[in-house]
Amino acid sequence: MNLLQEFRKGIWQENAVFKLVLGMCPALAVTTSAENGLGMGFATTFVLVCSNLVVSSLRKFIPGQVRIPAFIVIIASFVTVVQLCMEAYVYDLYKALGIFIPLIVVNCLILGRAEAFAFRNPPLRATIDGLGMGIGFTLALFILGAVREVLGSGALLGVSLFGPDYVPFLLLILPPGAFIALGCLLAGMNRYETRNQ
C-alpha cells in the first residue's frame, strides 16, 4: 500500500468513529457543537501523529514486554503538551472540553494505532497513518457536532442559520442526542455504502 492510500484509509475506509467505532467517549461527549468537535479532533490528531512518529522511531529500543506502558508514557507526554497549549491559547475551548483532554491518553484509537501500526512500521509510514486517522477522526467529530449544533440550537460554529423563529430540537444537544445523531449518521453511511456496492 502506498503512502497516499495509507493516508486515505483513515479518512473513510477505516474511519475511527464511523467504521471502527473507536474513540466513542469523546465522540459522544464533546460534540455538542462543531467547534468542540474540531477542537477535540485537532488535539487528538496532534497526539496521534506525534506518538506514532515517536513509537515508530523507538520501536527497536522498546522491549516487547513493556511496550504498552511505554506507549502510554509517550502518549501522555504529548497530551500534556496539548493540554498546556490549549489552556494557554484557547482557554474557552479548554474549559468546554474539560476532562476529555487528559482522557486522550486512554483513547483506544491512539493506543490501538501505536500497538497495531506504529510499532510495526517505519516512521514515515506511521506518521502518514496517524495523520490520516486523525483527520478522519476530526471530520467525524466535526460532522457529528455540526449535526447536533444545527438541529439542537439552529446555529453552526456559533452563527445562527434559521433566525429567531427557529424552534431548536434540544434533545440533540443533550447526552441522548449524541447517540441518536450518531445512530442516524451510521445508518445513512451504511445505506450509502450498500447502494454503491
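Structure values in brief
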{"item": "Among the candidates V82, V47, V73, residue that is among the β-branched types (V, I, T) and touching a residue at least 40 places away in the same chain (Cβ under 8 Å)", "result": "V47"}
{"item": "Condition broken by V81, with the remaining ones in (1) in a helix (DSSP H, G or I); (2) under 28 Å from L144 (Cβ atoms); (3) open to solvent by less than 50 Å² (accessible area, probe 1.4 Å) satisfied", "result": "(3)"}
{"item": "Every residue from segment 58-76 that is part of a helix (DSSP H, G or I) and open to solvent by 60 Å² or more (accessible area, probe 1.4 Å)", "result": "Q65, V66, R67, I68, P69, I72, V73"}
{"item": "Filter result (within 17 Å of N36 (Cβ to Cβ) and either open to solvent by less than 50 Å² (accessible area, probe 1.4 Å) or in contact with a helix residue (DSSP H, G or I) (Cβ under 7 Å, 6 or more places away or on another chain) (or both)) within segment 91-134", "result": "L93, Y94, A96, L97, G98, F100, I101, P102, L103, I104, N107, G134"}
{"item": "Lone qualifier among G23, G37 - being at pLDDT below 85 and under 30 Å from G154 (Cα atoms)", "result": "G23"}
{"item": "Sole residue being on the phi > 0 side of the Ramachandran plot and open to solvent by 20 Å² or more (accessible area, probe 1.4 Å), chosen from G158, G154, G188, G183", "result": "G158"}
{"item": "Which numbered condition E87 misses (of (1) in contact with a helix residue (DSSP H, G or I) (Cβ under 6 Å, 6 or more places away or on another chain); (2) open to solvent by less than 60 Å² (accessible area, probe 1.4 Å); (3) in a helix (DSSP H, G or I))", "result": "(2)"}
{"item": "Residue count, segment 161-180 (criterion: closer than 19 Å to L28 by Cα and exposed (fewer than 12 other Cβ atoms within 10 Å of the Cβ))", "result": "4"}
{"item": "Counted residues, segment 140-170 - those being touching a Leu at 6+ places or on another chain (Cβ under 9 Å) and assigned to a helix (DSSP H, G or I)", "result": "14"}
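Results for (1) open to solvent by less than 60 Å² (accessible area, probe 1.4 Å); (2) in a helix (DSSP H, G or I); (3) at positive phi, shown as yes or no for each residue.
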| residue | (1), (2), (3) |
| --- | --- |
| E6 | yes, yes, no |
| A16 | yes, no, no |
| V21 | no, no, yes |
| A27 | yes, yes, no |
| N36 | yes, yes, no |
| T44 | yes, yes, no |
| S51 | yes, yes, no |
| S56 | yes, yes, no |
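Quick grid of which residues meet (1) assigned to a helix (DSSP H, G or I); (2) touching a residue at least 40 places away in the same chain (Cβ under 8 Å); (3) of a type in the set (D, E):
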residue	(1), (2), (3)
D92	yes, no, yes
L97	yes, yes, no
I104	yes, yes, no
I110	yes, yes, no
E115	yes, yes, yes
G134	yes, yes, no
T138	yes, yes, no
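The values are calculated or read from the model by the stated rules, or taken from the named source; none is laboratory data. As the structure is a prediction and not an experimental result, all values here were calculated from the model. So basically every Cβ, Gly included, is an ideal-geometry build from the backbone, and we count neighbours across all protein chains shown. Ligands, DNA and RNA are stripped out before the accessible areas are found, and what is left, the full protein with its side chains, is counted by its heavy atoms. Shrake-Rupley method; radii C 1.70, N 1.55, O 1.52, S 1.80 Å.
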